[in-house]
1. Assigned to a loop (DSSP other than H, G, I, E, B) and touching a residue at least 12 places away in the same chain (Cβ under 8 Å): is that true of ALA291 in this structure?
2. If you go through region 64-120, how many residues are small (Gly, Ala, Ser), within 16 Å of the ligand (Cβ to nearest atom), over 28 Å from GLY269 (Cα atoms) and not in a helix (DSSP H, G or I)?
3. Looking at (1) over 28 Å from GLU218 (Cβ atoms); (2) more than 9 Å from the ligand (Cβ to nearest atom); (3) touching a residue at least 60 places away in the same chain (Cβ under 8 Å); (4) not hydrophobic (A, V, I, L, M, F, W, C), which is the one condition that is false for PRO146?
4. For the structure I just gave you, tell me whether PHE208 is away from the ligand (no atom under 16 Å from the Cβ), under 18 Å from VAL53 (Cα atoms) and loosely packed, with under 15 Cβ neighbours inside 10 Å.
5. Exactly one of (1) over 30 Å from GLN212 (Cα atoms); (2) assigned to a helix (DSSP H, G or I) is unmet by LYS154. Its number?
6. May I ask you to say which residue of SER197, SER187, SER192 is over 23 Å from GLU78 (Cα atoms), among the small types (Gly, Ala, Ser) and either touching a helix residue (DSSP H, G or I) at 6+ places or on another chain (Cβ under 7 Å) or part of a loop (DSSP other than H, G, I, E, B) (or both)?
7. Looking at PHE153, PHE149, PHE161 in this structure, which one is over 15 Å from the mean Cα position of the chain (by Cα), modelled with pLDDT of 90 or more and crowded, with 19+ Cβ neighbours inside 10 Å?
8. Within region 197-219, can one find any residue that is among the small types (Gly, Ala, Ser) and assigned by TED's automatic domain parsing to the domain that holds GLY80?
Amino acid sequence: MFFNNQSILLLLYTFCIFLFGCFIRYLEYSDFFLCYNCQEVDSPETLFDYIVVGCGSAGSIVARRLAENKKIRVLLLEAGNHGNSLLDIPSFGLLLQQTPFDWQYTSVPQKRSCLSLHNNASIWPMGKMVGGTGMLNNMIYVRGHPEDFNNWFKEKEGYSFKEYVLPYFKKVEKWTHESDYGSVYISNLSFSTKLSSYVLKAAKELNFDITQHTENCEEGFGLPKINSINGQRWTPANMLLKKGTPNIILRTKRIVEKILFHNNFEAYGVKYSYLGDTYIARASKGVILSAGKYFATF
Ligand SMILES: Cc1cc2nc3c(=O)[nH]c(=O)nc-3n(C[C@H](O)[C@H](O)[C@H](O)COP(=O)(O)OP(=O)(O)OC[C@H]3O[C@@H](n4cnc5c(N)ncnc54)[C@H](O)[C@@H]3O)c2cc1C
């Protein structure tokens, strides 16, 4: 007998990873081949009310909220491409790291940390696609802690988490059992391992509170809520695409290179590149920079 069960499983797993890699490459190139010679051409200059840079977790919510006013035209520029509904399978998120759907950043070699990593450098994943990092993250949903926000407001009299932050959490959330508007679906885990029940048991023995992590943001241990609906990964970009908002013009594969300012102060547009050409888009009301933590420009 050459193979035992474990090695068969390992082979199967490796083969699945290989297939997934092929699928990702297919997604990358199919667009190019299918649409050879029929790329959308941007007009050299265009005027919008707002320009939102980056269609990730934040950008897709902001664009949708702005576009509630049907008279407002929003240009949403995303450097990456559209994904595919197969990528909404939660466990695929991790496999998207170091693919064309990730910016593939790595740290510089570290002197005192990352000592067990290749070249002493760590990878810093960030989504490069419609949905942004929300497409490759762990999907755990938890509100920011009220005390952190209250600390921010410490020197601002009259400001508080309850008054100035909480209403916006409520607006954006979509607890599956209620509320109708938000862009962020939140649901319970559909399964959990034995290990998690042991951890909860241990926490209880040590007198920590066991919480349900509901809207009330209780402290303690509990199974997390996740951004998912019917077992499918959910990012706010899904809502944007599902609702098909006509006054949002979403353009993918556009890399914003520069924010344009009047007098170094008032942003009036952006310079972006698409298929090797450079374009300018102007905004009469504002430019919103929601391009993630690094705002990658090349
Ligand atoms: C591995 C991992 C696991 C995580 N797990 C969790 C979790 O479980 N729960 C949680 O709450 N958070 C988690 N996070 C963090 C969370 O995903 C991010 O904080 C969040 O997605 C950031 O949203 P964002 O809109 O600021 O940026 P992003 O979602 O990264 O969106 C930025 C978008 O801007 C685009 N962009 C960048 N530069 C340009 C440019 N020049 N021109 C045009 N477009 C551009 C990018 O392609 C991207 O689509 C995780 C993060 C990582 C990396």
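1. Values: assigned to a loop (DSSP other than H, G, I, E, B): yes; touching a residue at least 12 places away in the same chain (Cβ under 8 Å): yes.
When the stated conditions are applied, ALA291 passes them.
2. Taking region 64-120 as the starting set, the residues that turn out to be small (Gly, Ala, Ser) are 67, 79-80, 83, 85, 91, 93, 107, 113, 116.
Okay, now just the ones that are also within 16 Å of the ligand (Cβ to nearest atom), so 79-80, 83, 91, 93, 107.
Okay, now just the ones that are also over 28 Å from GLY269 (Cα atoms), so 91, 93, 107.
Then keep just the ones that are not in a helix (DSSP H, G or I); that gives 91, 107.
Residues meeting the conditions: 2.
3. (1)
4. Working: away from the ligand (no atom under 16 Å from the Cβ): yes; under 18 Å from VAL53 (Cα atoms): no; loosely packed, with under 15 Cβ neighbours inside 10 Å: yes.
In short, no.
5. Result: LYS154 fails condition (1) only.
6. Numbers: SER197 fails: either touching a helix residue (DSSP H, G or I) at 6+ places or on another chain (Cβ under 7 Å) or part of a loop (DSSP other than H, G, I, E, B) (or both); SER187 fails: either touching a helix residue (DSSP H, G or I) at 6+ places or on another chain (Cβ under 7 Å) or part of a loop (DSSP other than H, G, I, E, B) (or both).
Exactly one residue qualifies, and that residue is SER192.
7. Numbers: PHE153 fails: crowded, with 19+ Cβ neighbours inside 10 Å; PHE149 fails: crowded, with 19+ Cβ neighbours inside 10 Å.
Answer to the selection: PHE161.
8. Pass one, region 197-219, residues among the small types (Gly, Ala, Ser): 197, 202-203.
Still in the list and also assigned by TED's automatic domain parsing to the domain that holds GLY80: none.
The answer is no, given that none of the residues of region 197-219 is among the small types (Gly, Ala, Ser) and assigned by TED's automatic domain parsing to the domain that holds GLY80.
The values are calculated or read from the model by the stated rules, or taken from the named source; none is laboratory data. These numbers were taken from a predicted model, which means no experiment stands behind them. All Cβ positions, even for glycine, are placed from backbone atoms using ideal geometry, and neighbour counts span all protein chains on display.
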